[in-house]
Amino acid sequence: MAAKSDRAPVPDPAEQDAFFPSKYSLSQYVSPKTDFDGADYPNAYTGNKWKVLLIATQERYLEMAGGEFFSTGNHPVEMLLPMIHLDAAGFDIDIATISGDSVKFEVWAFPKEDEAVKRIYEKYKNKIRKPLKLEEVWGNGFTTDTPYLGVFIPGGHGVLNDVPASPTVGKILRWALDNQRYYISLCHGPASMLAADVGNGPGSKSIFDNYEIVVFPDSLDTGANIEMGYIPGKMPWLVADRLRERGVKVLNSDITGKVHRDRCVLTGDSPLASNNLGKLAATTLLNAV
């Protein structure tokens, strides 16, 4: 049994009322290595037309329902492991945040002994620290000639801060589905689907209505994640619940590393799905070209 103190969220000295996950929760959730087992794509893309747009969060602190702040960001495994596969498959990756400020990582979740993850981080380090500003990427709008074959939005609780409420993210997602481009996301990242509703009138139908996905289950954010001190309090809102309200069909109730494809929507259930989602995304995009 873990000591009670080990289950207490750890204060973040950089911000009042902000907390990192407890020591106990990290012992349960964070491993020094991932399940990465290679990224060999003999038919890797060698052209210069197609690439991937990665939309990350620049926000560190998620305000919880009780006013506490969760010191979060993007989960490094959820972002970097799929990047390994997309990069190995020959697709260059543009990285953007809504503000153009640097990508925020949950550094406490970085797999410190995983050399493959370290290498992809170093390769894209400059883009991670100096990402594009999403509104400037969008410019006057995307067209059928826009080179993004996939739009990848990784998870981490931090994505709830800004991405689901972004009109620009919504425009990009509507463009993607209209033009048979691929939406790739996992864990809390599918919260970004809500951005497609921004600016729509009451009673409007979501573009993701009747799509099947896997996502991080609400039951963990209302139960175990609080009990073990992974998050410092109740969530401000629940991702799967909100998506169901918009007609999205959530297939999973637990986390097993499951991935799922429904038309051009590719999703994974948790950090455990990072490697599997990378493989699915890489092979799907390669088949498309």
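The residue that is nearest to V169 (Cα to Cα), counting only those in segment 117-136 that are under 19 Å from the mean Cα position of the chain (by Cα) and of a type outside the set (D, E, K, R), is L134. A single entry from D94, D12, D6 fulfils the requirement of being modelled with pLDDT under 95 and open to solvent by less than 70 Å² (accessible area, probe 1.4 Å): D6.
Between K33, K23, K51, the distinction of being at negative phi, open to solvent by 80 Å² or more (accessible area, probe 1.4 Å) and in contact with a strand residue (DSSP E or B) (Cβ under 8 Å, 6 or more places away or on another chain) belongs to K23 only.
Scanning segment 252-271 for residues that are outside any strand (DSSP E or B) and surrounded by fewer than 22 Cβ atoms within 10 Å (Cβ to Cβ) yields N252, S253, D254, I255, T256, G257, K258, R263, C264. Just one of (1) within 16 Å of E78 (Cβ to Cβ); (2) open to solvent by 20 Å² or more (accessible area, probe 1.4 Å); (3) of a type in the set (S, T, N, Q) fails for N140. It is (1). E59 meets all of the listed conditions (1) open to solvent by less than 40 Å² (accessible area, probe 1.4 Å); (2) farther than 17 Å from P9 by Cβ; (3) in contact with a strand residue (DSSP E or B) (Cβ under 9 Å, 6 or more places away or on another chain) but one, namely (1).
Scan segment 176-183 and give yes if some residue there is free of Cβ contacts under 8 Å to residues at least 24 places away in the same chain and more than 17 Å from N74 (Cα to Cα), otherwise no. Scanning segment 176-183 turns up at least one residue that is free of Cβ contacts under 8 Å to residues at least 24 places away in the same chain and more than 17 Å from N74 (Cα to Cα). Inclusion of A191 among residues that are touching a Cys at 6+ places or on another chain (Cβ under 9 Å), open to solvent by less than 10 Å² (accessible area, probe 1.4 Å) and of a type outside the set (K, R) is not warranted. Do we have any residue at all in segment 154-175 that's closer than 21 Å to A89 by Cβ and surrounded by fewer than 22 Cβ atoms within 10 Å (Cβ to Cβ)? Looking for residues that are closer than 21 Å to A89 by Cβ and surrounded by fewer than 22 Cβ atoms within 10 Å (Cβ to Cβ), one finds none in segment 154-175, hence no. Determine, yes or no, whether V107 is open to solvent by 10 Å² or more (accessible area, probe 1.4 Å) and within 17 Å of R129 (Cα to Cα). When the stated conditions are applied, V107 passes them.
Could you check segment 239-251 and list, in sequence order, the residues that are within 26 Å of L26 (Cα to Cα), surrounded by 19 or more Cβ atoms within 10 Å (Cβ to Cβ) and either small (G, A, S) or without any contact (Cβ under 8 Å) to a residue 40 or more places away in the chain (or both)? Passing the criteria: only A240.
D221 meets each of the listed conditions (1) within 21 Å of V259 (Cβ to Cβ); (2) open to solvent by 10 Å² or more (accessible area, probe 1.4 Å); (3) assigned to a helix (DSSP H, G or I) apart from (2). Cβ-Cβ distances below 8 Å connect the following pairs, each with a first residue in segment 252-264 that is at pLDDT 95 or above, a second residue that is open to solvent by 90 Å² or more (accessible area, probe 1.4 Å) and not β-branched (V, I, T), and a separation of six or more residues or different chains: I255/L272; T256/L272; G257/L272; C264/Q180.
In the set (1) open to solvent by 30 Å² or more (accessible area, probe 1.4 Å); (2) at positive phi; (3) not aromatic (F, W, Y), the condition left unmet by G229 is number (1).
Of the residues in segment 196-207, not one is within 24 Å of A18 (Cα to Cα), part of a loop (DSSP other than H, G, I, E, B) and either open to solvent by 40 Å² or more (accessible area, probe 1.4 Å) or modelled with pLDDT of 95 or more (or both).
The values are calculated or read from the model by the stated rules, or taken from the named source; none is laboratory data. All figures in this text were calculated on a predicted structure; none of them were measured in a lab. Reconstructed Cβ throughout: ideal geometry from the backbone, glycine too, with neighbour counts over all protein chains shown. All accessible areas refer to the heavy atoms of the entire protein, side chains included, with ligands and DNA or RNA removed. Shrake-Rupley method; radii C 1.70, N 1.55, O 1.52, S 1.80 Å.
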